[in-house]
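All remarks here apply to the structure that follows.
The values are calculated or read from the model by the stated rules, or taken from the named source; none is laboratory data. The model shown is predicted, which means the values in this text are computed figures rather than measured ones. All Cβ positions, glycine included, derive from the backbone under ideal geometry; neighbour counts span all protein chains shown.
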Amino acid sequence: MTTFSSINEETLAAAISRCQNRLVYIAPSVTLRITVAIEELLQRSNEPSITLVIDTDPEVCRLGYGTVEGLKHLQQIVETHCLPLRYQEGLRVGVLISDEEVIAYAPTPLLIEAGTTSNGQSQSNAIILGSNPLKEILSACAEDTLLTQAEIGNRAITPNMLNSTLSSLKEQPPKAYDISRIERVYSSKLQYVEFEVIGYKLSSRRAKIPNDLLVGNNEMLEKRMQNSFSLLEGKDTLVVEINDCDPQTNEPKLIKGEPKKIDYSEIHIEKDRKKIYEDFLTVIPKHGQLITRARRKAFDARIAWFESRLKAFEKGVRERLEKEIDKSIEELSIILLEGVRKHPPARYLKFSYSPNITDEQFIAEIERDLQQAFDVDKFFKPQVNVVFKDLTYETIRDPEFRKLLNQKFRGLNQSSDDLFHEHDSAPEYGSQNQHNK
């Protein structure tokens, strides 16, 4: 391994696995792969001495210096093995000592690493120190030898290279650091939500009837048909029975050991939809609906409960609707027969071997048309659509938007961990994180 090297969680885990007597891990946080390697050391009969130092500020994981899974696993290891765990606020460098092997490295946050490119080359972010670190570093950078013999920095930067970099930054300048920080904080606490329920309203649905069948005079037909046919004539909505479930757990409510049944209809769907808006979503005029991430888990549970109700409603309605449709097709085909017999559609005649078509044949063709027109999947597909989106840079910079947030999210902007604590500038790290100590 060279003095200047590329270090990631795999190479760190491999170095940890090689440890026999002493392990020192100092870094902003941990990943699951790192904690698994540490746990394997603790399962040996002769476990090494282990020193762990990390930063417990939640912003560390938000930036990608570690992962939530790794932190949870580390917590289990510490509790199971009574392992001391030390804290250093603002830690942003990494040191790994595995017996005589010493690695000093710059942890690369996933937030940044995901957007970097290296043209297929490894990115040096670590120094591997041996018995004579000063000599090794000077040799690696060719301080006293030819540039071409250098391990790192063996190319001279030309004026064209600098001009190219500056030109790119002019075309796409970096965001102001205070605004970038605002964006991160907003995104970590608020999200846009697009929430809608579609395809469940049958009371207003009308099946399209082929125009060449709309002949004849019939009072009932005129009432129900104007280039379409009302499926639920005389009914405001269909009501079906479904299981009543707990909104938080989606577990069925029981009465004497049996699932509790309730009536459910379009009206109840609309009430449930409005209640979800009322309980979880905040409308910001001209922008959309927002939800706090702290309410996401409860919101997701309510959506799952609502979807289960909608599916039960769909199943019950389809069973009822099939009977209604069969009855409507039977009635309507008889009503349409007289007009079709006098003025048969040309498409009914093209497959006939005789100019004399029987009433049974006409009815069969009419029913075939009506079955297609009354296909339930064309007009009844209850569905809940939920889409989450993060706040954009431009929106966050809008003073009016931030003023509206102050008004709408009253409970958040009064706490020490509010939305606006670190927005107007980028103060020193320690001054804005005292609450994390």
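Data table
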{"item": "Only listed residue being surrounded by 16 or more Cβ atoms within 10 Å (Cβ to Cβ) and of a type in the set (Asp, Glu), chosen from GLU40, GLU9", "result": "GLU9"}
{"item": "Test result for TYR65, touching a Lys or Arg at 6+ places or on another chain (Cβ under 8 Å) and surrounded by 20 or more Cβ atoms within 10 Å (Cβ to Cβ)", "result": "yes"}
{"item": "From the options ARG341, ARG309, ARG293, ARG320, residue that is surrounded by 12 or more Cβ atoms within 10 Å (Cβ to Cβ) and modelled with pLDDT of 90 or more", "result": "ARG309"}
{"item": "GLU79 vs. criteria without any contact (Cβ under 8 Å) to a residue 12 or more places away in the chain, farther than 21 Å from ALA104 by Cβ and in the same structural domain as ALA15 (by TED's automatic domain parsing)", "result": "yes"}
{"item": "Sole residue being surrounded by 14 or more Cβ atoms within 10 Å (Cβ to Cβ) and modelled with pLDDT of 90 or more, chosen from PRO210, PRO247", "result": "PRO247"}
{"item": "Contacts under 6 angstrom Cβ, first residue in the stretch 393-414 being modelled with pLDDT under 80, partner outside any helix (DSSP H, G or I) and charged (D, E, K, R), 6 or more apart", "result": "LEU412/ASP418"}
{"item": "Every residue from the stretch 16-36 that is of a type in the set (Gly, Ala, Ser) and surrounded by 22 or more Cβ atoms within 10 Å (Cβ to Cβ)", "result": "ALA27, SER29"}
{"item": "The lone exception for VAL36 - which of (1) out of contact with any Cys (no Cβ under 8 Å at 6 or more places or on another chain); (2) of a type outside the set (Phe, Trp, Tyr); (3) more than 27 Å from ILE137 (Cβ to Cβ); (4) modelled with pLDDT under 90 it fails", "result": "(4)"}
{"item": "Helices (runs of 4 or more DSSP H) completely within the stretch 333-391 that count 1 or more residues being of a type in the set (Ser, Thr, Tyr) and either in the same structural domain as PHE299 (by TED's automatic domain parsing) or under 34 Å from the mean Cα position of the chain (by Cα) (or both)", "result": "346-349"}
